[in-house]
Structure formats: C-alpha cells, structure tokens
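Student: If you scroll down you'll find the structure; I have some questions about it.
The values are calculated or read from the model by the stated rules, or taken from the named source; none is laboratory data. If you're wondering where the values come from, they're calculated on a predicted model, not measured in any experiment. A quick note on method: Cβ atoms are made from the backbone with ideal geometry, for glycine too, and the neighbour counts reach across all protein chains shown. Areas reflect the complete protein model, heavy atoms only, side chains present, ligands, DNA and RNA absent. Shrake-Rupley method; radii C 1.70, N 1.55, O 1.52, S 1.80 Å.
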Amino acid sequence: MKLENMFEQLNPMQRKAVETTEGPLLILAGAGSGKTRALTHRIAYLIEEKGVNPWNILAITFTNKAAGEMRDRVDRLVSFGAENVWVSTFHSACVRILRRHIEGLGYTTNFTIYDGDDQKTLMRQILKQLDMDPKVYREKAVLARVSSLKNEMVSPGEFSARSAGNFRESQMAEIYAAYQEELKKNNALDFDDLLVRTVELLKDDQDVREYYQNRFRYIMVDEYQDTNHVQFKLIELLAGKYKNLCVVGDDDQSIYRFRGADIRNILEFETEYPGAQVIRLEQNYRSTKTILEAANQIIQNNEGRKEKRLWTENEEGEKLRICAFETGADEAEAVAAEVASLDIPYRDVAVLYRTNAQSRLLEERFVHKNIPYQVVGGVNFYQRKEIKDILAYLKTIDSGMDDLAVQRIINVPRRGIGATSIGKIMNFAGANHLRFYEALKESYLADTLGKVHGKIKGFVEVIEKLREQAAVLTLPELIEAVIRDTGYEDELKNDDAVSVQARMENIQELINKASDFVIHAKDREGLLTRFLEEVALVADIDRTNEDEDRVLLMTLHSAKGLEFSRVYITGMEDGLFPSGKSVNAEDDSLLEEERRLAYVGVTRAKRALVLTWSRRRMVNGESRWCKPSRFLDEIPLELLEHYQASVWSSRQERGDTVQQQPANGGKRSPYSAPKAVFGEDAYTRNIGKQFTVTKADSLDYQAGDRVRHMKYGDGTVTAVVDGKKDYEVTVNFDRVGQKKMFASFAKLEKI
Ligand code: ATP
Ligand code: MG
C-alpha cells in the first residue's frame with residue numbers, strides 16, 4: 001500500500017505510533033481508539049517503508065480470533081511477504097518455539113498439550129495417589145493454585161523450600177511436584193507450561209535466545225494490559241537485544257487479574273524500558289457518542305485508574321435501553337425475538353453475558369426461533385466425549401507417550417479391560433519406569449492379569465496396525481480407519497438414535513477439520529503431530545467463520561478486542577454481574593475488575609446497546625430474586641431511551657440519590673411512558689405490567705412543607721422544580737438526609 005493511502009486512514013497520533021519504529025513504545029489508550037489499527041499499520045509500514053524483512057517481525061495478540069483478524073488486516077495492507085510475519089497468540093508462539101527446541105528440556109518434540117479436562121483427570125489421579133483428603137483438595141482449586149504459581153514462575157522446588165514448616169503448603173508443594181513430574185513423564189505440557197518452558201529455554205540456552213533475539217527485531221504486543229508475569233518475561237527476553245518493542249493496551253480493559261494478569265506491566269512500562277516513548281490516543285472511532293458516554297461514566301467510578309476521557313466525532317446515535325424481565329427465560333425469549341426481527345445481518349449482533357452457563361437459555365430460544373448462532377466458549381467442540389476419544393486414539397497412534405490418552409481408550413469401546421486391571425498396569429509401569437503403553441506389551445502382564453491379557457494384546461494389535469496404516473493413509477482416512485477398525489462406530493450405534501446421530505456428526509466434523517488441515521498444510525511432514533497440536537490450541541472462537549451469518553453468544557471476557565453493530569449485555573444483576581464474589585469482597589479490587597469488564601462490554605457496541613436483567617434467575621437449581629446491576633445505576637438517565645420502573649425503585653431502595661436531570665434537558669425523558677421495548681407483544685408478555693408515569697397537574701406540597709416518604713420517612717421539602725415530564729422534588733429527610741426525586745415516583749404525602 002502507498003504511504004499516503006496508509007496514512008490517510010490514521011490520525012496524527014496513530015501516524016506517529018506507526019512512524020516510531022525504533023526503541024520501546026507504549027500506546028496507552030481507551031477502547032476503540034484504533035490501537036489495534038495502529039499496530040497493524042505499523043507492521044505494514046515496517047515492511048513497505050522501512051524495508052524490514054517480514055521474517056523479522058513478531059506480533060502477539062491475546063486470542064486466536066484476534067490473531068486471525070490481525071493476520072487478515074496485515075495481509076490486506078502488505079502486498080508481499082506478509083505471510084512471513086509471525087502473528088500469533090502467546091501460546092502458539094511458544095508452541096512453535098518449543099517444537100523446535102524443547103529437547104534441551106528433556107521432552108521430545110511431539111509433546112502433547114493438555115487442556116483443562118486432561119489436567120483435571122491427571123490431578124484427580126495424583127490426589128488419589130498421594131492420598132490427599134478430597135474434601136480439602138479439590139482438583140479445580142489445586143489446579144488454579146498450580147497455575148498461579150506457574151504464572152509467577154515459581155518452580156516446584158522453590159515452592160517446596162518456601163513452604164517448609166507449613167503443613168498445608170507443604171502438601172500443596174508435594175502435589176505440585178507430583179503433577180509436574182507426571183506431565184513430564186507423559187511428555188505433556190499444560191497451557192501454562194507452554195509459556196514457562198519457553199521462558200526457561202530462552203533463559204538457559206544462549207544459542208536459542210540469541211537466535212530468536214536476532215530474528216525478532218521488531219516485536220508488537222496487543223492487549224498488553226492483560227499480560228502476566230511469565231508473558232512479561234517472555235517478551236523481555238525476546239526483545240532483549242534490539243528493544244524495538246511496541247506494546248499496546250488500555251489499563252481500563254484489564255480483565256484477567258484473576259489469572260495473574262499484572263496491570264503494572266503496562267503502567268510501569270516506562271520504568272522497565274527507560275527511554276520509552278508513550279503515545280496516547282483519545283478519539284474513539286467505534287461507537288456512537290451515547291454509547292461512549294455510558295462507558296466513560298461507568299469506568300469513572302473506578303478509583304484506581306489513570307484518568308482519561310475518550311471522545312468521538314461519531315453521531316449521537318440511539319439511546320441505550322435497559323430492560324427488566326420476570327425470569328431469565330423471559331429475558332432470553334425477548335432477546336431472541338428481537339434479534340429475529342432485526343433487519344441487519346446476524347453477524348453484526350453479539351449477545352454477551354458474565355458466565356458461560358448463561359448461554360443455555362439463550363441457545364434454546366435461538367434454536368426455537370431458527371436464528372443461526374454460535375456460542376463461543378461453553379462446551380467446546382473438542383471437549384465432547386467422542387472427539388476426545390478419537391483424539392486419544394490419534395495421540396496413541398502418534399506417540400503412545402501420553403498415558404492419559406491410552407488409558408482413556410483402552411476400554412473404549414468396551415473390551416473387558418476394567419479399572420482394576422488398568423490400576424495393576426499403572427503400578428507395573430510406574431515401578432518399571434515404563435510408559436503405560438509400553439507396559440502393555442510386557443509379557444509380565446500375562447501372569448498377573450490372566451484372561452485380561454489376551455484382551456490387552458488385542459488392543460495393542462489394533463493400535464500397531466493403525467500405526468502401519470497411518471504411514472499410508474491420509475489424515476481423514478486414518479480417522480475413518482480408527483472408528484471402523486477399533487469397533488468404535490459399532491459400539492456407538494448401540495446408543496440411542498438421537499445421540500448416535502449427533503456424535504457421528506461431530507466425528508464427521510472432525511474429519512472435515514482434518515481434510516481442511518491437510519489441504520492447507522504446507523508440507524507433509526509430521527502431519528498427525530501438527531494436527532493434534534493445532535487442535536489442542538484452538539480456542540473456541542477459532543471455529544467461528546467470518547463468512548457465516550450468525551449471531552455470536554459469548555462471555556464478556558471473550559469479547560475483548562471485538563466489535564459489533566449491536567450488542568446485548570444480558571444478566572445485568574448484582575451478584576451475577578458484578579459477580580457475587582466481587583460484591584461481597586472486603587475491598588473494591590474485584591468490583592473494579594468487574595467494572596472494567598462492564599466497560600469492555602459496553603465499548604464493543606458500535607451503534608446500539610441493550611442491557612437486560614431479570615428479577616428472578618435460576619442459580620444452582622433454585623430460583624433467586626435479583627436486583628439490577630449497580631453498573632446500570634452508573635449510566636446517566638439522559639443516555640437511556642427507556643427507564644424501567646423497577647430500576648428506578650431499586651435506586652431508591654438502595655438509598656442512592658436520584659441522578660440529576662441532564663443539564664441539556666435530555667432528548668427524551670426517561671420516565672415517560674415506556675415504549676414497547678422488545679416489540680409491543682414481547683414487552684407486555686414478558687414484563688407483565690406496563691408502567692406509566694403521569695405528571696400530576698399540581699402538587700399539594702411546596703418548598704418548606706413537611707412530607708412523608710414510604711421508605712425514607714419524614715422530611716422537609718427544600719425545592720420543587722417543574723420539569724417537562726414531572727416535578728423534581730428535593731427533600732431533606734430527617735433520617736437519611738437530602739434526596740432528589742421525581743414526584744410521581746416518590747408519592748410523597750404531605751403531613
Ligand atoms: P479495543 O480497545 O477495543 O481493542 P482498539 O483501540 O484496538 O479497540 P481498533 O479495533 O483498532 O481499536 O479500532 C476501532 C474501530 O475504529 C475499528 O473499526 C477501526 O477500523 C476504526 N478506526 C481506528 N482508527 C481509525 C481512523 N483513524 N479512522 C477511521 N476509523 C478508524
Ligand atoms: Mg484492539
């Protein structure tokens with residue numbers, strides 16, 4: 001692309017960011033201000049203007065989806081050689097490095113990557129082996145602890161030394177060490193290891209370090225506010241020689257502290273990299289004025305932040321809508337009904353929520369209404385039983401080093417090899433330092449296992465035969481051979497018809513994926529290993545196909561960096577969003593993180609934003625009463641098209657002071673009779689009663705009078721202002737002090 005053309009698409013500050021190619025650079029700016037755009041243009045500029053070899057550029061983003069988008073943007077900007085730029089997530093960059101060099105760390109290059117499910121299985125085994133009290137040590141909590149230790153780069157050895165003398169901590173250290181050892185034995189790495197091992201490698205191996213330092217002369221990192229310690233270290237090592245490091249982020253969008261993200265990485269960038277230049281962007285190009293103002297208003301309630309205020313030249317746009325429903329099901333129904341009636345493409349719409357579990361109700365309604373949709377997160381395709389089974393076969397065929405994979409399928413389909421036999425084999429393998437699969441071939445088992453041994457032999461034969469076939473078959477053919485020759489398909493058919501069909505469809509989908517992979521593979525070498533690796537790495541968002549017209553349903557976390565014309569944020573209830581934990585916490589740090597999440601959610605919307613909540617919601621099988629999210633209260637009335645009575649009263653119940661009338665009078669009064677929010681019909685059905693406010697002709701009290709309020713008790717009226725739609729009354733209550741309220745809601749009684 002021509003330089004003038006490229007620069008036409010950028011504002012002066014973005015241009016400066018693009019031209020500042022040498023030395024450390026921090027772009028710190030709010031949502032939708034074109035940070036990612038500046039970053040992609042910078043890549044183009046480096047290649048086209050500075051003649052930098054694309055091979056020398058590394059760009060890192062947070063999700064695969066974001067990496068894909070960046071890849072597209074770069075491809076469009078750069079005419080030649082763009083494919084040589086490494087555009088990748090932290091994790092896939094590490095996999096690429098480890099696949100080449102991991103042998104130095106005692107793994108083989110066809111290592112397996114364990115996902116969350118594999119981790120749990122392994123941890124369960126370890127807790128059992130170590131005889132830990134299952135009431136005290138739950139695998140999920142233990143894994144979270146291990147993960148945070150890894151992210152802080154605390155090794156099992158260090159942790160053990162640190163926890164000497166503390167019983168609980170020592171036990172934890174023992175678990176951590178055993179877990180790590182098992183991973184190593186299985187030639188497996190969990191997601192955190194991918195990063196930790198790469199850092200280790202770069203630290204310890206000078207040759208490898210220098211190779212990558214020379215290679216990546218220009219490094220760019222998007223969403224830097226969400227990097228954790230180990231990611232920080234990785235970047236520090238890679239950028240160690242040239243220090244041409246450009247990081248981009250927004251401290252207001254840091255939403256992964258619970259996973260160890262450290263906001264200091266961005267706030268202290270200038271200290272870590274002396275001489276760093278800092279560029280701030282303030283113009284938002286994404287959202288309407290109304291949406292942006294709502295976001296600004298919400299986030300300014302956070303105390304621990306650097307003040308910045310985004311502005312936009314975009315139009316004022318539609319007002320936001322807040323809608324209340326009786327139940328979560330009503331909410332889902334109304335959202336689906338409205339989405340079905342929109343005249344914009346489905347792909348321009350996203351429905352966001354705080355927790356994955358919330359997708360189910362929405363999904364049901366979307367299916368019911370025949371709306372194409374895709375859930376990001378939730379039950380991952382690759383977590384489905386049949387897919388994991390087939391992948392376990394493929395892993396076993398590929399290397400047989402992964403014990404969990406072999407154990408998963410040794411009796412699937414049923415071969416009469418029970419848990420006791422498997423236990424015996426595990427013991428035998430452990431005692432003789434053998435992989436589980438190797439142990440299966442030992443004749444020793446014939447004596448101990450008797451009849452079962454024949455069955456084990458049968459299993460080994462099947463695998464060995466498939467291994468031979470793997471050399472000649474294509475990948476899709478190999479998968480077909482697996483389900484046919486192992487008897488998997490036959491056993492599946494004994495299941496009920498519906499689930500057989502669904503499962504076969506999933507397997508077919510995996511075969512499609514394999515065909516696709518083979519078609520796009522550059523060379524033939526190690527296809528199976530590479531396929532398994534790719535599959536292990538795909539976050540769900542990867543499965544979304546840009547060309548398909550469908551609504552995306554996802555958590556607020558997954559939505560980071562993305563944008564949509566129309567956004568629904570559902571389940572805006574205190575205790576859900578913000579989460580119960582953050583509401584009940586002693587300090588405000590969790591709540592502030594939730595608020596940043598709200599800021600991320602709101603700023604995803606380009607043109608329209610709808611916020612919904614429900615009075616009742618099923619949580620863990622019981623129906624709970626909910627209050628509207630406090631974040632709703634933080635949006636000024638004048639930005640809302642429609643103000644729900646219940647939100648109103650919740651504000652009063654909480655004893656908050658009623659928001660001021662907007663200085664400009666507001667275009668539409670929020671307390672006017674509500675319009676049908678989700679279409680007349682849906683609205684009346686779901687919300688039950690219409691709520692109308694009528695301004696009284698006159699009030700029977702005035703300034704100086706004593707009045708009584710149902711909740712606040714008695715007080716003295718200090719002012720009455722005649723607004724267009726209602727009277728605004730200020731009362732100094734004896735008990736709770738001064739409150740501003742609207743007459744028709746307050747129902748004050750003169751005493
Ligand atoms: P986030 O904080 O959400 O990651 P961001 O700062 O990375 O946002 P981008 O995604 O780069 O912002 O840009 C937001 C939108 O504004 C995109 O649609 C982008 O194409 C557009 N945009 C960015 N800069 C400009 C510009 N100078 N002129 C016109 N449009 C722009
Ligand atoms: Mg961005």
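Student: Could you check the spin-label model distance between A719 and R706? Points 7 Å from the Cα along Cα→Cβ, value in nm.
Tutor: So the two model labels end up 2.4 nm from each other.
Student: Please give every one of the aspartates and glutamates within straight-line cross-link reach of K308, meaning a C-alpha to C-alpha distance under 15 Å, and leave out same-chain neighbours fewer than 8 residues apart.
Tutor: D250, D251, D252, E282, E293
Student: Can you tell me what the convex hull of the Cα atoms of the chain projects to on average, as an area in nm²?
Tutor: 37.3 nm²
Student: Please state the relative contact order of the chain as a whole percent: Cα pairs under 8 Å, 6+ residues apart?
Tutor: 15 percent
Student: Would you mind putting 85-98, 25-38, 523-536 in packing order, based on average other-beta-carbon counts within 10 Å, highest first?
Tutor: The most tightly packed comes first, giving 25-38, 85-98, 523-536.
Student: Between E270 and R467, what's the calculated FRET efficiency when r is the beta-carbon distance and R0 is 51 Å? Round to 0.05.
Tutor: 0.40
Student: Mind checking which lysines have their C-alpha under 19 Å from K493, skipping anything on the same chain fewer than 8 residues away?
Tutor: Result set, ordered by chain and number: K385, K388.
Student: Got the relative contact order for segment 143-268 handy, in percent, Cα pairs under 8 Å and 6 or more residues apart?
Tutor: Result for segment 143-268 is 25 percent.
Student: Which percent, to the nearest 5, of DSSP beta bridges fully inside the chain are antiparallel?
Tutor: Rounded to the nearest five, the antiparallel share is 35 percent.
Student: Right, here's the next one. Give me the three principal axis extents of segment 292-383 from the C-alpha atoms, as integers in angstrom, largest value leading.
Tutor: For segment 292-383, the Cα spread along each principal axis is 44, 33, 30 Å.
Student: Determine the gain in length on full extension of the stretch A431-Y242; use 0.36 nm per residue of separation and subtract their C-alpha separation, reporting nm with one decimal.
Tutor: Length difference between fully extended and current span is 63.1 nm.
Student: How high is the FRET efficiency from R735 to A696, r the C-beta distance, R0 35 Å, rounded to 0.05?
Tutor: Between R735 and A696 the formula returns 0.85.
Student: Filter the GluC sites (Glu not before Pro) in segment 279-345 to those in DSSP coil with at most 14 other Cβ atoms within 10 Å of their Cβ, and list the result.
Tutor: E282, E303, E307, E313, E315, E316
Student: Using the alpha-carbon atoms, what tilt in degrees (0 to 90, nearest 10) does helix 116-129 show relative to the longest principal axis of the chain?
Tutor: Tilt of helix 116-129: around 60 degrees.
Student: Among the listed pairs K16/K50; K120/K140; K140/K627, which are separated by more than 18 Å between their Cα atoms?
Tutor: Table pairs above 18 Å Cα-Cα are K140/K627.
Student: Convert each backbone phi in segment 598-613 into a coupling constant with the Karplus relation 6.51 cos²θ - 1.76 cosθ + 1.60 (shift: θ = phi - 60°), then list the ³J(HN,Hα) values in order as whole Hz, x for Gly and Pro.
Tutor: 5, 4, 4, x, 4, 7, 6, 7, 8, 10, 9, 9, 10, 10, 10, 8
Student: With 22 Å as the cut-off, how large is the P(r) tail for segment 158-300, expressed as percent of Cα-Cα pairs?
Tutor: 58 percent
Student: Along the positive direction of the dipole of segment 394-487 (beta-carbon charges: Lys, Arg +1; Asp, Glu -1; about the Cα centre), which of N427, G450, P476 reaches farthest?
Tutor: G450
Student: Take the residue pairs K150/K581; K203/K581; K606/K747; K135/K581; K395/K441 and return only those whose Cα atoms are more than 27 Å apart.
Tutor: K203/K581; K606/K747
Student: Next question. Which Rg and Dmax, in Å, describe the Cα atoms of segment 96-145?
Tutor: Answer for segment 96-145, Rg first and Dmax second: 14.4, 42 Å.
Student: Output the 0 to 90 degree angle, nearest 10, between the alpha-carbon long axis of helix 385-398 and the longest principal axis computed from the alpha carbons of the chain.
Tutor: Here the helix axis deviates by roughly 40 degrees.
Student: While we're looking at this one, here's another question. For the chain, what % of the accessible area comes from carbon and sulfur atoms, probe 1.4 Å?
Tutor: C and S atoms contribute 47 percent here.
Student: If you don't mind, another one. What 222 nm value per residue comes from the helices of the chain, counting each DSSP H run with n ≥ 4 as -39,500 (n - 2.57) and dividing by all residues, nearest 500 deg cm²/dmol?
Tutor: Result for the chain, helices only: -13500 deg cm²/dmol.
Student: What's the whole-number percent of alpha carbon pairs in segment 542-626 lying beyond 19 angstrom?
Tutor: 48 percent
Student: Next question, about the same structure. Work out the charge dipole of the chain with +1 on the Cβ of Lys and Arg and -1 on the Cβ of Asp and Glu about the Cα centre, then indicate which of Q213, F258, Y373 is farthest towards its positive end.
Tutor: Value computed over the given set: F258.
Student: Now a separate question. As a test of reading the structure, rank E83, E364 by solvent-accessible area (1.4 Å probe, protein chains only), most first.
Tutor: The residues order as E83, E364, largest area first.
Student: Would you be so kind as to identify which of A59, Y45, P12 lies farthest towards the positive end of the dipole of segment 1-65, taking Lys and Arg as +1 and Asp and Glu as -1 on Cβ and the Cα centre as origin?
Tutor: A59
Student: Right, here's the next one. Can you compute the modelled spin-label distance between N53 and N214, with each label point 7 Å from Cα toward Cβ, in nm?
Tutor: 1.0 nm
Student: Moving on to the next point. From Cα pairs below 8 angstrom and at least 6 apart in sequence, can you work out the relative contact order of segment 1-157, rounded to a whole percent?
Tutor: Contact order relative to length: 15 percent.
Student: I've got another one for you. Quick one: pull the percentage of alpha-carbon pairs in segment 442-509 with a separation above 15 Å.
Tutor: So the portion of pairs separated by more than 15 Å is 63 percent.
Student: Would you please name the GluC sites (Glu not before Pro) within segment 387-463 that are DSSP coil residues with at most 16 other C-beta atoms within 10 Å of their C-beta?
Tutor: E442
Student: Using a Förster distance of 60 angstrom, determine the FRET efficiency expected from the C-beta separation of A357 and E181, and round it to 0.05.
Tutor: Computed FRET efficiency for A357 and E181: 0.95.
Student: While we're on this one: Highest mean first, how do 697-709, 140-152 rank when packing is the count of other Cβ atoms within 10 Å averaged over residues?
Tutor: Highest-to-lowest ranking by the protection proxy: 140-152, 697-709.
Student: At 1.4 Å probe radius, can you tell me the per residue accessible area of the chain in Å²?
Tutor: Result: 44 Å² per residue.
Student: Tilt of helix 90-101 relative to the longest C-alpha principal axis of the chain, in degrees (0 to 90, nearest 10)?
Tutor: Compared with the principal axis, the helix lies near 20 degrees.
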